[in-house]
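Structure record follows, encoded as structure tokens.
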Amino acid sequence: MYRKSLGDTMKKCESCGMPMMKTSDFGGRKETNKYCVHCTYENGELKPQHEIREGMIKYYMRMKRIDRKNAEQFVEEHMSRMSAWQ
């Protein structure tokens, strides 16, 4: 959990680690959801791991400007630490 301000806690997605600060960040637009909008279907249900993995790989290739092999390695290590994939 992150702190937005004193006494206010920010949640992070248990699948990818994305900070969820506003209702639209939460899967299904439900602030009680443990997963973000990117890791869930519209109804808030968690997507399969391989779909999330592929989306994260493409995101890191684009945003970090790294090749696919390095993005795959980073995503594998990162996801292995996320509680959704334990």
Quiz prompt | Lysine pair number, Cα distance threshold 17 Å (strictly under), the chain, separation 8 or more or different chains | solution = 15
Practice problem: Taking the Cβ of each residue in SER83, SER15 as the centre, tally the other Cβ atoms inside 10 Å and list the residues starting with the fewest. | Solution: SER83, SER15
Quiz item: Which ³J(HN,Hα) values in Hz, rounded to whole numbers, follow from the phi angles of the range 16-29 under the Karplus curve 6.51 cos²θ - 1.76 cosθ + 1.60, where θ = phi - 60° and Gly and Pro get x?
Solution: 10, x, 5, x, 10, 9, 10, 3, 5, 7, 7, x, x, 6
Quiz item: Counting other C-beta atoms within 10 Å, which of MET79, MET21 has the fewest, and how do the rest follow?
Solution: MET21, MET79
Practice problem: Would you calculate the separation in nanometres between label points at THR9 and SER80, each defined as 7 Å from the Cα along the Cα-to-beta-carbon direction? | Solution: 2.8 nm
Self-check item: Prolate/oblate/rounded label for the chain (Cα gyration tensor, a/c 1.5)
Solution: prolate
Practice problem: Taking the Cα centre of the chain as origin, work out the dipole magnitude from +1 charges on Lys and Arg Cβ and -1 charges on Asp and Glu Cβ, in debye rounded to 20. | Solution: 300 debye
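Taken together, the values in this text are just the output of simple stated rules run on the coordinates, not laboratory data. Note that the coordinates shown come from a computational prediction; the quantities given were computed from them, not determined experimentally. Methodologically, a virtual Cβ is constructed for each residue, glycine included, from the backbone with ideal geometry; neighbour enumeration extends over all protein chains shown.
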